[in-house]
Amino acid sequence: MLLLILYLIAITAEAMTAALAAGRRDMDWIGVCIIACITALGGGSVRDVLLGHYPLTWVKHPEYLWMTAGAAIITAIAAPMMRRLQSLFLLLDALGLVVFTVIGCQIALEMQLPITVVLLSGMMTGCAGGVLRDVLCNDIPLLLRKELYASVSMLTGALYLLAAHYAVPELWAMLVPMGIGLLFRLLALRFNWQMPRFVYRDDWR
Amino acid sequence: MLLLILYLIAITAEAMTAALAAGRRDMDWIGVCIIACITALGGGSVRDVLLGHYPLTWVKHPEYLWMTAGAAIITAIAAPMMRRLQSLFLLLDALGLVVFTVIGCQIALEMQLPITVVLLSGMMTGCAGGVLRDVLCNDIPLLLRKELYASVSMLTGALYLLAAHYAVPELWAMLVPMGIGLLFRLLALRFNWQMPRFVYRDDWR
Amino acid sequence: MLLLILYLIAITAEAMTAALAAGRRDMDWIGVCIIACITALGGGSVRDVLLGHYPLTWVKHPEYLWMTAGAAIITAIAAPMMRRLQSLFLLLDALGLVVFTVIGCQIALEMQLPITVVLLSGMMTGCAGGVLRDVLCNDIPLLLRKELYASVSMLTGALYLLAAHYAVPELWAMLVPMGIGLLFRLLALRFNWQMPRFVYRDDWR
């Protein structure tokens, strides 16, 4: 129940940040809605298609599509006011990342998949939506370059798995990893932490 | 039966426009065939994968692959003559859009999915092939930026759903929405109609 | 058994070339691992999703994920030494292409799909990973532009199908097409063979 509320907040937040990204690319209103739906629900869809977990979330709950599209349009209308809410957005975006991660891990656990796949399922749910958004906006996905997105998702998923393994009560097993992941993400944003990069230059191939 | 003929015309037309797009990017002959197949059959494949509707069209009817590849090669050979046929191409491309949309809606209706998903299924079938083409050619998808593609698809799908709901005879339920969608698309091309854009500039994030 | 060993060599080689490509784009370490996994295992995943062949390879064998990620990290650490191993890399990369192709054909044959789909299944397994890598690195896929990748894959697949049709013993049916494909690829690299391109310029549309 709590997770559902957090999930709804998360897809709304993702839709809103996606709408702002689409606005930076001069997309039309329908394009904004499509990008918002893909960003918010794409990560879960990639996970479900790869794991063969049918039907997809938005096929079972088409109201989520309306929610994300609606949030995107409101964002587009209210964009000038959004500037003041930057901190709130970053918080909601980080919340979305950890919520999606835990949900992705849960679904893979229920399907009794191997640990590695459970972890990956969480990462895909948390990150793939943003990758799709960046590919459609013709950017190199942010995920792959900075911001510790994937690392936060991996940490949250690993902590959740650990908690599930030691049979911690479900509520705590969810909330503590999400809290730690969220904190880690906010600290990373605050202090501009970055993963070491691998820089390679040559003219071979 | 009529729909099958229209479908074959549509995938051929999509393959031909895709081949011209590939030619603009200096692709080799196999690349041209691959882009043509992905553009013509990709929308339906995305729909089938997301809805879990197996086997895919081209797995059941591999002859469609040969048709699209063949059309692409003929286009590449006859490209210099294609310039004169621009109007015909635009017409066939618009026809493809509405035909794909109606087929996508039909398939989702047969699977008894919710209305929103039926509408989306039509849009995916109509538009996703072009999005894949643009992503592979490293463009920002046209769909998301102009040309009313998605709007035409949504209108056609909505009219078809309305007709299906009021039990209009199948032939009319198909032809009238397709005709109106086609007209709308051609008017949009003729008078350069565009959806309002959402333009947003900042240096946040 | 032999095929399994070749497969493991192939995914390791693909992971290593992918890591070098990621290094050219300044990705961080997790990005390098993700790109390596997608390049090495993405072709097979695309095939399995399109053919509805569940569960996917890496869901059944999550150890492959660790292998590819490990190979990518070792490559990133040892990158300065890699320059001397160019020829070895090109050989392993070509080996990967033909091995993936034969495996893709085998899987589609076992599913008793039509010939065209079997051939395509081999091509997707061999080439789609590289296409995904290029899309994520924001390039026009190499496959579609040069290097005879797709042609080598098609040739290998066609020879394998021919051998399977004439009931050649499995070992030879695998090794001979792979050998010929490998030879063709290396000759193409050595003599810089290219498919004819289709170049088309206009300002229509």
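The values are calculated or read from the model by the stated rules, or taken from the named source; none is laboratory data. What you see is a predicted model, and the numbers here were worked out from it, not measured in a lab. Quick reminder, even Gly has a Cβ in these numbers, built from the backbone with ideal geometry, and neighbours come from all protein chains shown. All accessible areas refer to the heavy atoms of the entire protein, side chains included, with ligands and DNA or RNA removed. Shrake-Rupley method; radii C 1.70, N 1.55, O 1.52, S 1.80 Å.
Descriptive notes on the structure:
- A Stokes-Einstein calculation at 25 °C with viscosity 0.890 mPa s, built on the Kirkwood radius of region B:6-45 over Cα pairs, returns a diffusion coefficient of 248 µm²/s.
- Of the DSSP H helices in chain B, those that are both long (alpha-carbon extent of 27 Å or more along the helix axis) and hydrophobic (Kyte-Doolittle mean at least 0.0) are B:2-24, B:29-51, B:86-110, B:115-136, B:170-191.
- Label-point gap, in nm, between residue A:26 and residue C:24 - each point 7 angstrom along Cα→Cβ: 3.0 nm
- Taking one quarter of the surface of the convex hull spanned by the alpha-carbon atoms of the protein assembly as shown gives a direction-averaged projected area of 27.9 nm².
- Where B:165, C:53 fall by accessible area, highest first, once all protein chains stay in place (1.4 Å): B:165, C:53
- Think of each Lys and Arg Cβ as +1 and each Asp and Glu Cβ as -1; about the Cα centre, that makes the dipole of region B:1-148 roughly 240 debye.
- FRET efficiency, residue A:162 to residue C:112 (Cβ-Cβ, R0 45 Å, nearest 0.05): 0.55
- GNM top mover of C:36, C:21, C:79 - chain C, alpha-carbon springs below 10 Å: C:79
- Normalised convex hull volume, region B:1-83, alpha-carbon set, Å³ per residue: 95 Å³
- Distances from residue A:165 to itself in the other copies, using label points 7 Å out along the Cα-Cβ axis, amount to 5.2, 5.3 nm in increasing order.
- Take residue B:115, push a point 7 Å out from Cα through the beta-carbon direction, and compare it with the same point in every other copy: 4.9, 4.9 nm, smallest first.
- In this Cβ point-charge picture (+1 for Lys and Arg, -1 for Asp and Glu), region C:153-205 has a dipole of about 200 debye about its Cα centre.
- Each Cα pair under 8 Å and six or more residues apart adds its sequence gap; the mean of these over the residue count of chain C is a relative contact order of 22 percent.
- For residue C:60, the label point sits 7 Å beyond Cα toward Cβ; its separations from the matching points on the remaining copies run 2.6, 2.6 nm, from shortest to longest.
- The residue B:4 and residue C:194 beta-carbon pair, evaluated with R₀ = 30 Å, returns a calculated FRET efficiency of approximately 0.20.
- Taking all pairs of distinct alpha-carbon atoms in chain C, Kirkwood radius in angstrom: 17.4 Å
- For chain C, built as a Gaussian network whose Cα springs stay under 10 Å, the top-fluctuating residue of C:68, C:17, C:116: C:116
- Among A:99, A:168, A:32, the residue with the largest mean-square fluctuation in a Gaussian network model of chain A, with springs joining Cα atoms closer than 10 Å, is A:168.
- The alpha carbon gyration tensor of region B:41-152 gives principal lengths a ≥ b ≥ c with a/c of 1.5 or higher and a/b greater than b/c, which makes the shape prolate.
- Over the protein assembly as shown, DSSP H runs of length four or greater, each weighted -39,500 (n - 2.57), average out per residue to a 222 nm ellipticity of -25500 deg cm²/dmol.
- Cut-off of 10 Å, at most 14 other beta carbons, DSSP loop: longest stretch of chain B lacking such chymotrypsin sites (Phe, Trp or Tyr not before Pro): B:1-165
- Residue B:170 contributes an accessible area of around 100 Å² to the protein surface, as traced by a 1.4 Å probe with all chains present.
- Cβ-based charge dipole, region C:58-205, positive-most Cα from C:175, C:103, C:76: C:76
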